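*Asks:* Mind looking over this structure? Questions follow.
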Amino acid sequence: MAALQMNFLQNGVWGSQVMTVEELIKKQQESSAQSPINEGALQCPEIGLLTRTISESPLVNKILPVRIRSAQHNDVAFVGDVFIQICELQVDGRLREIIRYNNFASRIENAAVVGTFDIDETAASSSQHTIKVEDSPSQFGLPQHVSQSPDSQLPPQMLMVVLEGGDIAFLYLRSDPNGNLQFVIYCEATGGQRIAHPGYHMAVDPSSRYVALAPCQDFFIVYEFEPRQELEKRHSTGQPLSPIRANRIRGLRGAISNMTFLYPRHGDNNHIILLLIVVRNGRSKMIIYEWMLGDDLKTVFSEEKNGHRMPDDCEMPLFLVPLRTNSAFLVVSPEQIAVCKQSLHGPPTFEAMHIGSPDPTDSFHGRGEPLWTSWAKPLRLTSYFEKHDCFYLAREDGVVVFIEVDREGSFDRSIPMQFAGCNVSTALACTYNPHADMIILGSSSGPGGVWRVLPRGDPELLSLLDNWAPVVDFATTDDPSERQPVRGDLEIARANAETWQSRGPSRIFATCEGSRKGMITEFRYGLKATIGLDLEYGPSIKQAWIFPSHFSSSGTGYHVLLSMPDHTEILHLSSDFSEANNLAPGSVPYDLEGSTLVLTYSEQLIIQVTTQGVVLRNWTDSTKHLFNSFECLAGAIVSDADVRDDCVVISAHNRDVYIFKIDPATPGFSHVRTVEIGAEVTCLSLTADFTLLVGIWGIAGPSLVVCSLQQASNSVETILLYDALSEADADDRTYDPSHVEAIASIASLHDTVYLGTRGGEVIVMSPTDGYQVIDYEQFGTASVNLSCNTVLGRTSPILLLTCDNKLLYLDVDDHNVETTYRQPLETKLRVWPVETPVRMEAALNPSVLVPPVQFATAVDIPSEDSNVSVLMVAGTRVLLAGLHREPTTVPRSIPVDGTPQKLIYSHHNKCLIVAGAKDGKTTMWFLDPDTGSNIGQATEKNDREKKFISGLGIPGDKVLELTEWKNTKDGKSWHYIVVATQMGSLLVISTQKAAAASPNQPARIRYWTRWKKTNNSPITAVQCYDGGLVYCVGDTVRWEVIDEVDKKLRAIGNYQLDSPAVGLKLSHGQLIALTIRDSILILDHITEGGIASTLRNSDPGRRNGVHFLEISGSQPESTSDSIVLVADRDCGVTALWVPWAKLEQNCKVLAQAGLLVSMRRLRQTRTRPVWEQRQHTPRWGRRMSSLDDAEILGVSLSGSLLHFTLLGENAWRFLRYLQNLALGSEEVSPFTWQRWQSGYEPLKDEKHVDGDVLQRCLQKRALERLVQSPEQSLRFRELLDAVDMVGSTVEGEGDMDDYFQLAYEILDYFLRPVL
């Protein structure tokens, strides 16, 4: 008899139960015979949905060289779907991030540079010529050979951005009073009204006085700009810039294929030529409008022109390339490249251009010939363009051809180049460099890069551009079964809460479908630390210091001092860090015989303290003072030390601390006093006010001894950590003070003391009112090493923490006085040291793992990127890395020798399983998530190795579904992998661990096909359960079970749908099916006799479903209802309520979210770090989506990662009210505030809260400026008072400052990072 596995939600916990078909029918009959359910017992919950972007899409649609700050800054604008990133291209080819803007409230449809700049040739040589940018228009009416002064307030160029909603924005950069760069933005609507998709085509006139915009068909718009002199005048007097002088809409018949402005003939710079390729009645025509600078646009476009027919082989060009000679242009088509020389007089003539492009490369992923995707013009001397023109033409498979034409527009020469491993999208730029052409390639599948092209040289990769799109699937290492109790008992589940919280965060992996060689990307979040210096030195390095070697004989470069367990070693680095040499012990004035405990350096003196003694080194002399020469330290073993100015404190194993004073003039060293501790000293530190802090271990456990050295007597205060922790306010903490171990490190900042323990804890204490504990956190299990240093260029110290071989950054910005609600350990960010690749292969090397950091400290080393230099000890390596300022996604790429399509993490095999195609044939990979190596081996049942298992290796096929199947019977479990393909193959695959081929290789996993079923239609969804599986083939859902006799899959029934299902799930004894046209359908489970299933429930709306996720219902422990999140193709996510106890009712829509992207997949997992999991307990109206409080994540095809949060009614009303206020604010929403006509009161159907808008409110601290009128203040307080737990926080009436402070705390709670 077939057995079915029923998934159910009991007491808020997902569980499973094996049932026979007879048992299932009997249970349903008993359920229907029971008395009707009380209507009041099950109510539809009132919830809202908060969405926010965790990681933006990395896709770049355009790369534009732009002098957006000044003529001296070689800036580049990267234009994505919703962001603009400004970077500065440095001489070495690295891109330094300057500023990012993503507050457009709409997708960016197009962008271009208006304005140009002139660079005197002295920037590249000593002659007196002018170097110009040829692919950008000239300045706003400025003569082309007039250089801009360096201190011009208005930069030479601006970005013109056209939004999908119809707005136009002009952007440039300037510095605020604090010296920080900020965008200056001027917004205007298209044609005086908002026109949808106005910027599908965009062209800028070479004089930069006109811009043309056009949708796909019917009309185009021409804008005339104000002269540059007028803009300068307005800018200098503080008037609105308002660059647009006039505009004109010209209707036309047909679809617009291409549009561009042509260059006028030499000496006729006021001649404006607009070219359009229009498809009318199935034929393409070339239409040209001509006018002179300043002509009335109404007269120019008073009538529609018919134009001339295009040749058959040029009818549908990919794009046009205007040439500087004779107003000619290139027509780039899939079939050929042709040049049109006579475009203005009479019928145009086209001449084919044979450039000799090479064959398709390995990066090509298609069936036909690779297409040309983009073009860019390099910089050349003005005299060059009198006789020639040139440009780069890029192809999608990574081929770039340099083409040169003569003064007549005829082909002169071409140089094909191959940018290996890179696919080229529409994003291509050629930027300024005095010695070479710098090519920046953007890719729509896989990483792009910055390349240097030298004369007569091959392209050289200088740096990579991260890109993990397109994402077709993603998976996490989280195992839901680990957090489910054996029985669906709420008390058992709650008892496991501590286990859930102590479990480390799950990892997130996504497929990058890419080309023939795709990759798997691991999402990581935190601060990037770019490794600049990597020294492989050897084991046993404890600490390291780096300091200028100006006291040495060489006088240049740096010294690196390495503290070993029983001695010290020293290296000399050259000034550019290109060379590292060991120094002989006798050639340096430092103590190398003992292990160095601490080292400080300044311009006047270097102080080194070792276990042997103290070395003092100044410009003229070096002295060494051995500890054995002091009577107080005779025979003592020095274990720890610290230095503050001229004071040195030393601890020894005789349980005392000795205070020494330095005389910098001599330099001398003398003992001044001894502080008796009377216990084992574990560490010590000296604060800025010369307060001695000593960590000790005694009978009472760990303690902190405090002694002020400014007092004449040794007045010692001892704080027992057990008592201090017990007395601390720990209402929202879950820790046992008795488990705290000895203090391992101490760091102090003003009036705050940070204690790192040997058990992975950090305790924060304030000396106010007797050293009270104000914060506590568990970061791991190993000893915590704290380092707090002040470096040049940063107003606040850099506090770094290492624990469990991980490096973290603790935000201690004491200047942000407004965020007083933050705890000292509130902001913690993981630091990810990353390599600087010099080859594409190195960037995609999966063996490059995160270095295990045991020690880290911020150092004063100059950095061109204005990043903080951090010196690290990582095992046998010494690293010097630049710590970035802003947290971001730090992706890790695992290359796949093929095209990945589906991905799961197998908890049984402890590896990533990837299904996809290689050389056009379906295949699989078993990847080690740490090393990225493929540990799978396809075999037959008899262990004989083969290239593909049975059912895979089919040309032209595609894997549509991949899942893991655990089949349990009689206490035994069998694990299978299920693969479904587009050609209708259903494969059940067995796996078995095999021995490694050699000792240096990992263990292998062999896999083979156990069962195979062939169908005539694609299999789009699969759901497995004990004893069988359900899958959708075509429009039919089929049930199959394992036949107990034949040990094969046997069909037991089917159900006909109106459209294919893209998702299936068994829940509460029913089958949830998500279809591509009818959204959610809930079906009765099929019976053994083949009786037709019935439709029990459905979504009241019709949605083009993509994916769905079932989560907890009205309560986390509820078994009578659940919520289903449905993602559709129209960029929406809908929360549906499913009343399992009353299936005769339809699902109800709880909330609907309109996003800028469509979610490809939804997952539920625990991704927050351990410390965040403990602190982020449900409050302020946040609803748990599962009993273990897992996060809800979604990923789009473009690679953006979103987070979803369920909100209670009062929470979403308050947050939505803040969002409405922000949307009507020019400060927070510059692109929506003028059109905001709705009221601020949340409507009943406004249950979607945009967390990205609230994030801007939090960053700008704008609430005080948003809530202005007395009515708004009253409503703000009413809604805030209604939020859960607020009544106990704000007592009585309270003033508005208290309410604002609490509102910021609530926003920070909901918007904290989840990775």
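The values are calculated or read from the model by the stated rules, or taken from the named source; none is laboratory data. Worth saying up front: this structure is predicted, and the values here are computed from it rather than measured. Every residue, glycine as well, gets a Cβ built from its backbone with ideal geometry; the counts of neighbours run over all protein chains shown. The area values use the complete protein model at the heavy-atom level, side chains included, leaving out ligands, DNA and RNA. Shrake-Rupley method; radii C 1.70, N 1.55, O 1.52, S 1.80 Å.
*Asks:* Leaving ligands, DNA and RNA out of it, rank LYS62, LYS517, LYS1048 by accessible area with a 1.4 Å probe, largest first.
*Replies:* Details: LYS62 65, LYS517 145, LYS1048 125 Å².
Sorted by accessible area, descending: LYS517, LYS1048, LYS62.
*Asks:* Now for a separate question. With all pairs of different alpha carbon atoms counted, what Kirkwood hydrodynamic radius in Å does segment 1094-1136 show?
*Replies:* It is 11.5 Å.
*Asks:* Could you state how much accessible area THR116 has, in square angstrom rounded to the nearest 10, with a 1.4 Å probe and all protein chains kept in place?
*Replies:* Its heavy atoms expose roughly 10 Å² to the probe.
*Asks:* Whenever you get a sec, compute what percent of the accessible area on the chain sits on carbon and sulfur atoms (1.4 Å probe).
*Replies:* Taking all protein chains in place, the chain shows 46 percent carbon and sulfur surface.
*Asks:* Still on this structure: With only alpha-carbon pairs counted, each pair once and no self-pairs, how large is the Kirkwood hydrodynamic radius of segment 1172-1272 in angstroms?
*Replies:* Final number for the Kirkwood radius of segment 1172-1272 is 15.3 Å.
*Asks:* With N set to the residue count of segment 220-377, report its C-alpha Rg divided by 2.2 N^0.38 Å to two decimal places.
*Replies:* The value comes to 1.25.
*Asks:* If you don't mind, there's one more thing I want to ask. Could you give the accessible area per residue of segment 916-986, probe 1.4 Å, as a whole number in Å²?
*Replies:* Spelled out: the 1.4 Å probe surface of segment 916-986, per residue, equals 46 Å².
*Asks:* While we're looking at this one, here's another question. Could you quote the convex hull projected area for segment 865-978, Cα atoms only and averaged over all directions, in nm²? If you can, show how the numbers build up before the last one.
*Replies:* Values: hull surface 49.4 nm².
Reported value for the Cα convex hull: 12.4 nm².
*Asks:* Any idea of the accessible area per residue across segment 1022-1113, 1.4 Å probe, to the nearest Å²?
*Replies:* 33
*Asks:* Go through segment 1213-1315 and name the GluC sites (Glu not before Pro) that are in a DSSP coil and have 13 or fewer other Cβ atoms within 10 Å of their Cβ.
*Replies:* GLU1226, GLU1227, GLU1291, GLU1293
*Asks:* With every protein chain kept in the model, how would you rank HIS908, HIS1176, HIS567 by accessible area, 1.4 Å probe, largest at the top?
*Replies:* Order by accessible area, largest first: HIS908, HIS567, HIS1176.
*Asks:* I'd like the accessible area for SER863: 1.4 Å probe, protein heavy atoms, all chains in place, Å² to the nearest 10.
*Replies:* Its heavy atoms expose roughly 40 Å² to the probe.
*Asks:* Hey, got a sec? Which trypsin sites (Lys or Arg not before Pro) in segment 584-684 land in a DSSP loop and have at most 16 other Cβ atoms within 10 Å? Don't skip to the end; give the middle numbers.
*Replies:* Details: sites: ARG617, LYS624, ARG644, ARG655, LYS661, ARG673; in loops: ARG655.
Hits after loop and neighbour filter: ARG655.
*Asks:* If you average the C-alpha positions of segment 49-107 and of segment 1106-1145 separately, how far apart do those two centres end up, in angstrom?
*Replies:* If you average the Cα positions of each part, the centres end up 38 Å apart.
*Asks:* Turning to a different aspect of this structure: Counting only protein chains, not ligands or nucleic acids, how are GLU232, GLU579, GLU369 ordered by accessible area (probe 1.4 Å), most first?
*Replies:* GLU369, GLU579, GLU232
*Asks:* Pick the calculated P(r) over Cα pairs in 20 Å bins from 0, in percent for this structure from (i) 8, 23, 25, 26, 15, 2, 0; (ii) 9, 32, 36, 19, 3, 0; (iii) 9, 29, 25, 18, 12, 6, 2, 0?
*Replies:* So the structure-derived entry is (ii).
*Asks:* Skip the ligands, DNA and RNA, and give the accessible area per residue of segment 588-658 with a 1.4 Å probe, whole Å². Numbers along the way, then the final one.
*Replies:* Numbers: 3020 Å² over 71 residues.
With the other protein chains kept in place, segment 588-658 gives 43 Å² per residue.
*Asks:* While we're here: Per Stokes-Einstein, at 10 °C and 1.306 mPa s, what whole-number D in µm² s⁻¹ belongs to segment 585-719, with the Kirkwood radius over Cα pairs as the hydrodynamic radius?
*Replies:* Numbers: Rh = 15.3 Å.
Estimated via Stokes-Einstein, D reaches 104 µm²/s.
*Asks:* Can you pull a Stokes-Einstein diffusion coefficient for segment 1211-1315 at 37 °C (0.692 mPa s), Rh from Kirkwood over Cα pairs, as a whole number of µm²/s?
*Replies:* Approximately 234 µm²/s, per Stokes-Einstein.
*Asks:* Here's another thing I want to ask about it. Non-local amide H neighbours of GLY953 (under 5 Å, H modeled in plane, Pro and chain starts lacking H): which ones?
*Replies:* THR922, THR923
*Asks:* Take the residue pairs LYS902/LYS941; LYS946/LYS1012; LYS62/LYS1247 and return only those whose Cα atoms are more than 27 Å apart.
*Replies:* From LYS902/LYS941; LYS946/LYS1012; LYS62/LYS1247, over 27 Å: LYS62/LYS1247.
*Asks:* Where a Cα-Cα gap under 18 Å defines reach, which lysines qualify for LYS528, not counting those fewer than 8 residues away within the same chain?
*Replies:* LYS806, LYS828
*Asks:* Sorted from largest down, give the three principal axis spans of the alpha carbons of segment 1149-1209, whole angstrom values.
*Replies:* Per principal axis, max minus min of the Cα coordinates gives 32, 28, 16 Å.
*Asks:* At 1.4 Å probe size, with no ligands or nucleic acids counted, give the accessible surface of THR991 in Å², nearest ten.
*Replies:* 30
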